[in-house]
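The values are calculated or read from the model by the stated rules, or taken from the named source; none is laboratory data. What you see is a predicted model; the values in this text were computed from it and never measured. Methodologically, a virtual Cβ is constructed for each residue, glycine included, from the backbone with ideal geometry; neighbour enumeration extends over all protein chains shown.
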Amino acid sequence: MKILILGNGGREYSIARAILNEEKGHELFFQPGNGATNTLGTNLDIKDYNELAAFAKQNAIELTIVGPEAPLVDGVVDIFKSHGLVVFGPSKEAAQLEGSKVYMKNFLAKYNIPTARYIETASIEDAFKFTNTLTAPIVVKADGLCGGKGVIIAMSHDEAKVAISEMLSGKSFGDAGKKVIVEEFLDGYELSMFAVCDGEDYILLPAAQDHKRLLDNDQGPNTGGMGAYAPTPLVDEELYQKVRDRVIRPTLDGMQKEGAPFEGVLFIGIMVVKGEPITLEFNVRFGDPECEILMPLMTSSVSDMFYKAATNRLAEIKVEFSSQYAVGVVMASENYPYKNSTPAEIIVDDVHHEEIENFTHISYAGVSMEDDKLYADGGRVLVCVGLGDTIKQARDRAYLRCGQVHFAGKKLRTDIAYQALA
Ligand code: AMP
Ligand code: GLY
């Protein structure tokens, strides 16, 4: 199949890698891709979505997979569909589940899906009044997309009020902060759950845990994610069933009632509080680095799953997963997540070790290629993935692989999957 993948991260690299590992021959295109995806297919440079759709038609692209949220919120799926193309991802309207936290919270409330107690408002008085009813810590969120920075966990009422004032005045996030959510802090453990949806049916993938903080022991600033593992033993059948019954089913039914059936990846950020799954947020795409560890766990066809989801035929297939565990360790650039870093050449040692050869791989993200040399280009550079029969084995293998990757300023956490190994 000819497949176009939108995005430039490790997430998109891992989807491509999984598709190429299938038996059938596939031809891949990336918009824009990164310095390593051009070894898996062809990188394009067509920014306008209508032009990109025209390219897809001319080149008989049979399936387009959209990785990141920004093009989804911009409506790329609607544009591709209007050209008669098969595309995997939510419509612009359905993408509001991520694009607007106010839309998401009001949706959760309307369909009785458990979430943190909250107020959504543009009024500073109302926000302050609600804040006074909560005990610290207090969570303050900007409405719109802020690249993962729009959530403040305030340790006092005063700190919460400063965050509210700065958001509502447009000072911290411009228009994205013109409305805010103030909500109660949930104390529990966090999970990333992913449902691949076709509007009506869905496939629930193994539950993962991300590591959002930059440093070991969950210290330092929030990042896009420094590592992940799956499946997590912190989820049993009962919890999966609760998520199915209380979150995913009502969401798919609710979005149908709203006239915006949800197709694509529903990423549910869950806080488990006293055994009960509470929805923190939705994203409308795969998590990164969660995608990098879920793709290698799929033993049935990945391209077929996306194709069937994009053509509303998920009910026809059975998706299968390996009985192994996967652990992914992110290697980031020196100045991540604060600012850009100087490009640094990446040297990956040759593999002469059967265990590393057979049970690890690298998904490339923030890299560029020049004169056949690979450079770390800032941000999250790559993810070393290890597979194993236990989480510990998968973790040890991922770190073995990390030991073979060298670039100036490389940064990584040494405690990925600690929750499961405690
Ligand atoms: P979000 O962008 O909504 O996922 O928020 C980013 C992170 O902030 C989440 O992954 C949680 O770790 C944390 N967070 C968000 N909302 C809450 C809450 N109500 N209680 C506790 N932690 C939260
Ligand atoms: N790793 C979390 C995210 O992709 O938002």
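Determine the pairs where a residue that is in contact (Cβ under 8 Å) with a residue 40 or more places away in the chain, located within region 185-199, has a partner that is within 15 Å of ligand 2 (Cβ to nearest atom) and in a loop (DSSP other than H, G, I, E, B) with Cβ atoms under 6 Å apart, the partner being 6 or more residues away or on another chain.
Once the first residue is in contact (Cβ under 8 Å) with a residue 40 or more places away in the chain and sits in region 185-199, its partners that are within 15 Å of ligand 2 (Cβ to nearest atom) and in a loop (DSSP other than H, G, I, E, B) give LEU191/ALA207; SER192/GLY287; MET193/ALA207; PHE194/LEU205.
Under 7 Å between Cβ atoms, at least 6 apart or on separate chains: pull out the pairs that start in region 322-333 with a residue that is surrounded by fewer than 24 Cβ atoms within 10 Å (Cβ to Cβ) and end on any residue that is assigned to a loop (DSSP other than H, G, I, E, B).
Partner pairs satisfying both residue conditions: SER322/THR299; GLN324/ASP389.
Do we have VAL235 as out of contact with any helix residue (DSSP H, G or I) (no Cβ under 8 Å at 6 or more places or on another chain) and either small (Gly, Ala, Ser) or over 27 Å from GLN393 (Cα atoms) (or both) here?
Details: out of contact with any helix residue (DSSP H, G or I) (no Cβ under 8 Å at 6 or more places or on another chain): yes; either small (Gly, Ala, Ser) or over 27 Å from GLN393 (Cα atoms) (or both): no.
No, not satisfied.
Of all residues being within 23 Å of the chain's Cα centre (by Cα) and in a loop (DSSP other than H, G, I, E, B) in region 403-422, which is surrounded by the most Cβ atoms within 10 Å (Cβ to Cβ)? Just the residue, please.
ILE416
Please specify each residue of region 320-353 satisfying the condition of being part of a strand (DSSP E or B) and acidic (Asp, Glu).
Step one: list which residues in region 320-353 are part of a strand (DSSP E or B), which gives 321, 325-332, 344-345, 347-348.
Matches in region 320-353: GLU345 only.
If you go through region 41-54 one residue at a time, do you hit one that is buried (at least 20 other Cβ atoms within 10 Å of the Cβ) and β-branched (Val, Ile, Thr)? Talk me through it step by step, then tell me what you get.
Kept after step one, since they are buried (at least 20 other Cβ atoms within 10 Å of the Cβ), are these residues of region 41-54: 41, 52-53.
Right, trim to β-branched (Val, Ile, Thr) and you get none.
No: zero hits.
Return the only residue of GLY259, GLY287 being within 16 Å of ligand 2 (Cβ to nearest atom), among the small types (Gly, Ala, Ser), assigned to a loop (DSSP other than H, G, I, E, B) and touching a residue at least 12 places away in the same chain (Cβ under 8 Å). Steps first, answer last, please.
Details: GLY259 fails: within 16 Å of ligand 2 (Cβ to nearest atom).
Answer to the selection: GLY287.
Would you say ILE270 is within 25 Å of GLY144 (Cα to Cα), assigned to a strand (DSSP E or B), modelled with pLDDT of 95 or more and within 16 Å of ligand 2 (Cβ to nearest atom)?
Details: within 25 Å of GLY144 (Cα to Cα): yes; assigned to a strand (DSSP E or B): yes; modelled with pLDDT of 95 or more: yes; within 16 Å of ligand 2 (Cβ to nearest atom): yes.
Yes; evaluated as a whole, the condition is true for this residue.
Is there a residue being assigned to a loop (DSSP other than H, G, I, E, B), surrounded by fewer than 18 Cβ atoms within 10 Å (Cβ to Cβ) and in contact with a strand residue (DSSP E or B) (Cβ under 7 Å, 6 or more places away or on another chain) anywhere in region 380-402? Step through it out loud before you land on a result.
Quick first cut of region 380-402, residues assigned to a loop (DSSP other than H, G, I, E, B) only: 389-390.
The next check asks that each one be surrounded by fewer than 18 Cβ atoms within 10 Å (Cβ to Cβ); those that pass are 389-390.
Applying the additional criterion that residues be in contact with a strand residue (DSSP E or B) (Cβ under 7 Å, 6 or more places away or on another chain) yields 390.
The answer is yes; a qualifying residue exists.
Name the residues in region 230-242 that are part of a helix (DSSP H, G or I) and either within 16 Å of ligand 1 (Cβ to nearest atom) or out of contact with any strand residue (DSSP E or B) (no Cβ under 8 Å at 6 or more places or on another chain) (or both), would you?
Going residue by residue through region 230-242, those that are part of a helix (DSSP H, G or I) are 237-242.
GLU237, GLU238, GLN241 - these are the residues of region 230-242 that are part of a helix (DSSP H, G or I) and either within 16 Å of ligand 1 (Cβ to nearest atom) or out of contact with any strand residue (DSSP E or B) (no Cβ under 8 Å at 6 or more places or on another chain) (or both).
Any idea which of (1) in contact with a Phe, Trp or Tyr (Cβ under 6 Å, 6 or more places away or on another chain); (2) closer than 26 Å to LYS242 by Cβ; (3) at pLDDT 95 or above; (4) not aromatic (Phe, Trp, Tyr) is the one VAL182 doesn't satisfy?
Checking VAL182 against (1) in contact with a Phe, Trp or Tyr (Cβ under 6 Å, 6 or more places away or on another chain); (2) closer than 26 Å to LYS242 by Cβ; (3) at pLDDT 95 or above; (4) not aromatic (Phe, Trp, Tyr), the one that fails is (2).
Taking ALA95 as the residue in question, decide whether it is over 25 Å from GLY174 (Cα atoms), within 16 Å of ligand 1 (Cβ to nearest atom) and aliphatic (A, V, I, L, M).
Values: over 25 Å from GLY174 (Cα atoms): no; within 16 Å of ligand 1 (Cβ to nearest atom): yes; aliphatic (A, V, I, L, M): yes.
No, not satisfied.
Is it the case that PHE262 is crowded, with 21+ Cβ neighbours inside 10 Å and closer than 28 Å to LYS149 by Cα? Let's see the steps before the verdict.
On the way: crowded, with 21+ Cβ neighbours inside 10 Å: yes; closer than 28 Å to LYS149 by Cα: yes.
In short, yes.
Yes/no matrix, rows are residues, columns are (1) of a type in the set (Lys, Arg); (2) in contact (Cβ under 8 Å) with a residue 24 or more places away in the chain; (3) within 16 Å of ligand 1 (Cβ to nearest atom); (4) farther than 27 Å from ALA422 by Cβ:
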{"site": "SER165", "(1), (2), (3), (4)": "no, yes, no, yes"}
{"site": "LYS171", "(1), (2), (3), (4)": "yes, no, no, yes"}
{"site": "GLY174", "(1), (2), (3), (4)": "no, no, no, yes"}
{"site": "ALA228", "(1), (2), (3), (4)": "no, yes, yes, no"}
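Sort out for me the strands (runs of 3 or more DSSP E) sitting completely within region 47-159 that have 1 or more residues that are under 30 Å from GLN31 (Cβ atoms). Spell out how you get there, then give the answer.
Values: elements: 63-66, 118-121, 138-142, 151-154.
Passing ranges, in order: 63-66, 138-142, 151-154.
Residues checked against (1) on the phi > 0 side of the Ramachandran plot; (2) among the hydrophobic types (A, V, I, L, M, F, W, C); (3) modelled with pLDDT of 95 or more:
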position	(1), (2), (3)
GLU120	no, no, no
GLU125	no, no, yes
VAL139	no, yes, yes
HIS157	no, no, yes
VAL162	no, yes, yes
TYR202	no, no, yes
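Of the residues in region 265-290, how many are charged (D, E, K, R) and buried (at least 18 other Cβ atoms within 10 Å of the Cβ)?
Initially, region 265-290 is screened for residues charged (D, E, K, R), giving 274, 276, 281, 285, 288, 290.
After this cut, where a residue has to be buried (at least 18 other Cβ atoms within 10 Å of the Cβ) as well, the list is 281, 285, 288, 290.
Total satisfying the criteria: 4.
Tell me which of these ALA160 doesn't satisfy, since it passes every other one: (1) in contact with a Leu (Cβ under 9 Å, 6 or more places away or on another chain); (2) in contact (Cβ under 8 Å) with a residue 40 or more places away in the chain; (3) closer than 14 Å to TYR118 by Cβ.
(2)
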